[in-house]
Structures are given as structure tokens and as C-alpha cells.
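In what follows, a single structure is set out as C-alpha cells and then discussed.
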Amino acid sequence: MKITSIGTRIVNAEMRNWVFVKVETDEPGLFGWGEATLEWKTRSVVGAIEDLAPLLIGRDPRDIEQAVRVLKKHSFWRLGVIGMSAVSGIEMALWDIFGKHLGVPVWRLLGGKVRDKVRVYTHLGLGDMRAVYETLDAAPLVERAHEVVERGYRAFKAVFIPYTHYHAPLPEVDKVARMMEALRKAVGPDIEVMVDFHGRPASAAAALAYIDALEPGRPMFVEEPVPPGETGALRVVASRTKVPLAAGERLVDRAEFHDLLATWAVDIIQPDICHCGGLLEAKKIAGMAEAVSVGVAPHNPLGPIAGVAALHFAVSTPNHVIQEEMVGAVPWYFDVVQGPIRMVDGFWQIPTAPGLGVEVNEAECAKHPFQPEVFHTRNAVLDDGTIVDW
């Protein structure tokens, strides 16, 4: 069996462009799908896939580890998030091919089933990115929390930490405390609430001010309390709070996760299967975390193929805690990709179809061509004009 072509399909999902990757083989009707979505870098990722594709043409798609080594080592330059997203999308498609070839779901090939269902969470605002990132008042937060719970979710994540520099102003800290209190009162003690800091605080002191304000609401975890790579600040935060910390969505190399885990500063790591090198690399990262008693909750606010890949990963990964998802982000979500994701009482069910189990309607994909994404980042400016982390 040989790889004959690698191509992409771009699907604009209003707030982001999904990048689907199709790998075809010389066996009639046997091909695989992956996803390489990377916000605000769509055309760069597509170009990277075009650059990398010749390295795999003529190779056996079942030699997945070897294929990833070729893509990472024969391209000479370190790939960064754009190149690693390209690798991830291709790698997922290879697993899809392998599973179809053998007639088994991908999770069987990743080690088999370690759970009977997968716990999931979504965002307040669901697929509306403006709601997700621009809701900074209690009333709409509570309204959206009720909507999410009514849809059957038993956990959700919110982003309401204000744009911050090195200091957390007291009025903003008090506002965060009021919003968390309102959310907890609205949903009760049985619903898990996570708060995404988005790396907005530029110092440990600023992050801790907000974490202390959130603590009475008992968040499941706070995510990226300081910018990625700020391991010293993260260690300080971890040493001064009892609130569980999560990080890692913006790391793209296994060595970066090794360094993060070596800090002993996080309770949850969040590799993104679409950016870290694909399913096998994510499994290796999860294994490193398991060795030091750290759970994994993969980052995934992306498209439907990424969601299905995350499902197969979760089914087969012992230290998986909870899965981020954005199912139904647009009304036509299931028109472009039909797949095995089915939620019952806040849990995804176990897929049984061969491969990833997705069917992509390429005609429907073509109805949603590329459009530039909305630059939410432009809002990350303080009153004095200082540009801060979004």
C-alpha cells in the first residue's frame, strides 16, 4: 500500500477556518481524513502541508511513526506550530487509513479501551466566539451557563479574566469574584466550572489575585494562568494556591511538555492533537504526564474531525480527565462531516466504526470557502494603549 496524494479542504466555520487533510492511497476507495486547523494561520498551514506532502508520496501509510519522523527530520528546520499542525493533520489521516484497512476503530490501535464513556465540556457561548471571548459581565455569563446545562453538559469553561498586564486592579479582581459567585449560584455544586485565563496575567502576582477571587467557587481548574513558557511564574502560582492548574495548549513539541511537567506546577496538561504532532505524539505526552501523576485534558475548540480524533484518544488514554469540544459550533456542523460523536448525559459514547469513523461531504465543504477569521486579538489593549496578551 502506498500514499498517492495529500490534499486539503478549507471550510470556513464563521469564527475559524477548519483545515481538513485528505490522504489517498493506491488501494481503490481507501483514503483517510485528518484535521490541521490553526486559527489565523490557515493559508500558512495549507502551504506547509503542500511543502511536506512530497516527503510521504510513495510511502506505506501504515508506517505512522516513520512518517512523522520523515516529516519532522527531513524538512531540516524545526517546524513550529504551523509545521506541526500540518504534521498532525496528516498523521490523523494515516490512522484513519490504518483503521479502515484493518476494519477496526482507531482507539483499538492506540491500545484499546480504558473507559466506557468520555466526559466532555464545552464553552459558554458554544460556537459563538464573540460570546466565548467577549462576555465579561455576570448576567450574560449566567444566561449562557443555563443554556449549556439545558443542552445536557455537566461541565463548561468560561473566559472572563480581564485583559491584564503585570498588575490586577482591585475593581477587576472584585468583578471576577462576583462573576464566579454568580456562575456557581446559577448552576449549583454538581456542574464543573473551568476558567480560562488565556495567559492574560503577565505576572504571578496578577494571576494569583484572580485565582484567589475564583477559589470560593471551586473551579475544576484554571487554565493558562500565565503566558506559555513562563515556567518560573507558573511555579510561583502553583506554590501559593490550592486551585488546580492546567496548561499546555500552546506547546507543540514533546520536549516542551517534558519541561512543563518537570516544574511540578500543573495538575492537568492540555496538548492539542491538531498541533502537537497527532495522536501517537499525544499518547506519548500523556504517558509522560501519567508517570508524574498529572492528568490530561486535550485542548480542542476546533472542527469535527479534530473532535473525533480526540474521542479516540480519550477512549484509549488512562489519565484522560475531560475533553474540550465544540460540537455544533455552526448550524451545518453535521452537514460537512458525519461522525461517531454522540453525547449522553455529558459523556461521549464509544465509537465502533472502522478508522476514525468520519464521512466528509466535500460538496458541502465547498459551500463554505475560506474567509479571513475575526481578529479578537485586537481587543487586547488597555485604556492607556498598552497591548497585552489576548
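General observations
- Pair Ser44, Arg178: separation of 7 Å Cα→Cβ label points (nm): 3.9
- Taking Cα atoms only, the orientation of helix 279-291 departs from the longest principal axis of the chain by about 50 degrees.
- Projected label distance in nm at Arg151 and Asp345, using a 7 Å step from Cα toward the beta-carbon: 2.1
- Chymotrypsin sites (Phe, Trp or Tyr not before Pro) restricted to DSSP loop in segment 41-101 with at most 15 other C-beta within 10 Å: Phe76, Trp77
- Tilt relative to the chain, helix 304-316 - C-alpha long axis, 0 to 90 degrees, to 10: 90
- Highest mobility in the GNM of the chain, judged by mean-square fluctuation with C-alpha springs under 10 Å and restricted to Phe347, Phe375, Phe221, is found for Phe375.
- Partners for Lys22 among lysines (Cα-Cα distance below 17 Å; same-chain residues under 8 apart left out): Lys2, Lys100
- The trypsin sites (Lys or Arg not before Pro) of segment 66-164 meeting both criteria, a DSSP state outside H, G, I, E and B (loop) and at most 10 other C-beta atoms within 10 angstrom of the site's C-beta, are Arg78.
- Taking all pairs of distinct alpha-carbon atoms in segment 1-85, Kirkwood radius in angstrom: 13.4
- Residue order, fewest to most surrounding Cβ atoms within 10 angstrom, among Leu302, Leu136, Leu170: Leu170, Leu136, Leu302
- The Rg/Rh ratio of segment 161-316, with Rg taken over Cα atoms and Rh as the Kirkwood radius over Cα pairs, comes to 0.98.
- Lys, Arg +1 and Asp, Glu -1 on Cβ, resulting dipole of the chain about Cα centre, debye, nearest 20: 740
- Those residues of segment 1-42 whose amide nitrogen sits under 14 Å from the label point placed on Trp332, 7 Å along Cα→Cβ: 10-15, 18
- Along principal axes, Cα extents of segment 319-358, largest first, whole Å: 32, 24, 17
- Think of the chain as a dipole: +1 on every Lys or Arg Cβ, -1 on every Asp or Glu Cβ, centred on the Cα centre; then among Ala36, Val176, Pro162, Ala36 lies furthest on the positive end.
- Given their separation in residues at 0.36 nm each and the Cα-Cα distance between them, Ala366 and Asp190 gain 59.1 nm when the chain is fully extended.
- Converting the Cα gyration tensor eigenvalues of segment 202-276 into ellipsoid dimensions via √(5λ) gives semi-axes, longest first, of 21, 13, 10 Å.
- Tail beyond 30 Å, pair distance distribution of the chain (Cα, percent): 37
Throughout, read-outs are computed from the coordinates displayed, never taken from laboratory work. Just so it is clear, the structure is predicted and the values come from calculations on it, not from any experiment. Here the Cβ is made from the backbone with ideal geometry for all residues, glycine too, and neighbour counts use every protein chain on show.
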